[in-house]
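One structure is given below, encoded as structure tokens.
The values are calculated or read from the model by the stated rules, or taken from the named source; none is laboratory data. What you see is a predicted model; the values in this text were computed from it and never measured. Backbone-built Cβ (ideal geometry, glycine too); neighbour counts: all protein chains shown. Note: accessible area is taken over every heavy atom of the protein model, side chains too, but ligands, DNA and RNA are not part of it. Shrake-Rupley method; radii C 1.70, N 1.55, O 1.52, S 1.80 Å.
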Amino acid sequence: MFPNFRLANQKFRHFTKNFPHQIYSIYVKPPSLDVLQQRLNDGRDPQKIRLKAVVTELNKLENGDYANCIDYVIVNEQEKADLIAQNIYPSYLSL
């Protein structure tokens, strides 16, 4: 078992700067923006602030802005948690 944190980008960059080569970072991205909109359609994001932030973040991810600080990217698909965990562990060990 490994400790995990859910951090905003600013805090994440602080951790990676202060603890170089000691953090294994995983970016969990939605399967699609449509799926994300459905998941956030429960009243948690009435002004679409979170959705806009995710779109910005996904664009940065796709443009390579996080290439030096993200070790592994996974897609958050329902019913696939076991498969995701099986893929993360060997990737972590290969560092």
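Would you mind getting the accessible area per residue of segment 19-95, heavy atoms of the protein chains only, 1.4 Å probe, in Å²?
Details: 5790 Å² over 77 residues.
For segment 19-95, the solvent-accessible area averages 75 Å² per residue.
So which aspartates and glutamates can K60 reach, going by Cα to Cα under 18 Å and dropping same-chain residues fewer than 8 places off?
Within the straight-line cut-off, K60 pairs with D71.
Determine ³J(HN,Hα), in whole Hz, for all residues of segment 33-42 in sequence, where each value follows from phi through the Karplus function 6.51 cos²θ - 1.76 cosθ + 1.60 and θ = phi - 60°; x replaces Gly and Pro.
The phi angles translate into 5, 4, 5, 4, 4, 5, 5, 8, 7, 9 Hz.
Could you point to the residue in V28, L93, F15 farthest towards the positive end of the chain's charge dipole, with +1 and -1 charges on the Cβ of Lys/Arg and Asp/Glu respectively?
F15
For Y27 and R6, calculate 0.36 nm times their separation in residues minus their Cα-Cα distance, and state this gained length in nm to one decimal. Intermediate results must be reported in sequence, preceding the final value.
Details: separation 21, 0.36 × 21 = 7.56 nm, distance 0.98 nm.
This chain segment gains 6.6 nm when fully extended.
Rank V55, I74, Q38 by how far each Cα sits towards the positive end of the charge dipole of the chain (+1 on Lys, Arg Cβ; -1 on Asp, Glu Cβ) and give me just the farthest.
V55
Put V75, V28 in order of accessible area, largest first, 1.4 Å probe: what do you get?
Result of the area sort, largest leading: V28, V75.
Could you please state how large a percent of the accessible area of the chain is carbon and sulfur, counting protein chains only and using a 1.4 Å probe? Intermediate results must be reported in sequence, preceding the final value.
Details: 3980 of 7770 Å².
Looking at the chain in its full context, I get 51 percent from C and S.
Once the Cα atoms of helix 9-18 and of the chain are each reduced to a long axis, what angle between those two axes, in degrees from 0 to 90 to the nearest 10, is obtained?
Between helix and principal axis, roughly 10 degrees.
Amide H to amide H under 5 Å from N76: which residues, 5+ apart in sequence or cross-chain, H placed 1.01 Å off N in plane?
HN-HN under 5 Å from N76: K29.
Magnitude of the Cβ-charge dipole of the chain, K/R +1 and D/E -1, about the Cα centre, nearest 20 debye? Kindly include the intermediate steps, with their values, before the conclusion.
On the way: 12 positive and 10 negative charges, 90 e Å.
Computed about the Cα centre, the dipole is about 440 debye.
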